[in-house]
1. Scan the stretch 75-88 and tell me whether some residue there is under 21 Å from Tyr39 (Cβ atoms), buried (at least 20 other Cβ atoms within 10 Å of the Cβ) and of a type in the set (S, T, N, Q).
2. So, of the residues in the stretch 49-90 that are aliphatic (A, V, I, L, M) and in a helix (DSSP H, G or I), which turns out to be farthest from the chain's Cα centre (by Cα)?
3. Consider the stretch 75-93. How many of its residues are among the β-branched types (Val, Ile, Thr) and closer than 30 Å to Arg59 by Cβ?
4. Counting just the residues of the stretch 64-92 that are aliphatic (A, V, I, L, M) and free of Cβ contacts under 8 Å to residues at least 40 places away in the same chain, which one comes out farthest from Ala31 (Cα to Cα)?
Amino acid sequence: MRSVFLSALLLCACVSTHLPIESRIPYPRPADFQDHLDYYAFGLIGTASVDLQRVCMERKPQAAEKIRTFEDAVITLATLGVYAPLTVRVWCE
């Protein structure tokens, strides 16, 4: 049972996508926008998206990142993978 739990935790934690729109990386500045995207079945089902123009308004998008945070992994494990949220962060100029 312990090995099944550890395997599930590792599967839940292996998601990260970073899309730099400009060559300048915005770190360590906090993200201008952060939200949770709804995915299901360990992240296999779902088509959540973020409209960068709406988020940044008149400013230009600089970078976007979609990651599974520790909190997202805990929620995924607590629901046995039925609900698997991802966190999206957006930086604007």
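Rule-based calculations on the coordinates, nothing more; no lab input. The structure presented is a predicted model; accordingly, all values stated were derived computationally and were not measured. Every residue, glycine as well, gets a Cβ built from its backbone with ideal geometry; the counts of neighbours run over all protein chains shown.
1. Yes, the stretch 75-88 contains at least one residue that is under 21 Å from Tyr39 (Cβ atoms), buried (at least 20 other Cβ atoms within 10 Å of the Cβ) and of a type in the set (S, T, N, Q).
2. If we take residues in the stretch 49-90 being aliphatic (A, V, I, L, M) and in a helix (DSSP H, G or I), then Ala78 is farthest from the chain's Cα centre (by Cα).
3. Filtering the stretch 75-93 for residues among the β-branched types (Val, Ile, Thr) gives 75-76, 79, 82, 87-88, 90.
From what is left, the residues that are closer than 30 Å to Arg59 by Cβ are 87-88, 90.
Number satisfying all stated conditions: 3.
4. In the first step, residues of the stretch 64-92 are kept if they are aliphatic (A, V, I, L, M); the result is 64, 67, 73-75, 77-78, 80, 82, 84, 86, 88, 90.
Going one step further and asking which of them are free of Cβ contacts under 8 Å to residues at least 40 places away in the same chain, we end up with 74-75, 78, 80.
Working: Val74: 22, Ile75: 22, Ala78: 27, Leu80: 30 Å.
Ranking the candidates gives Leu80 first.
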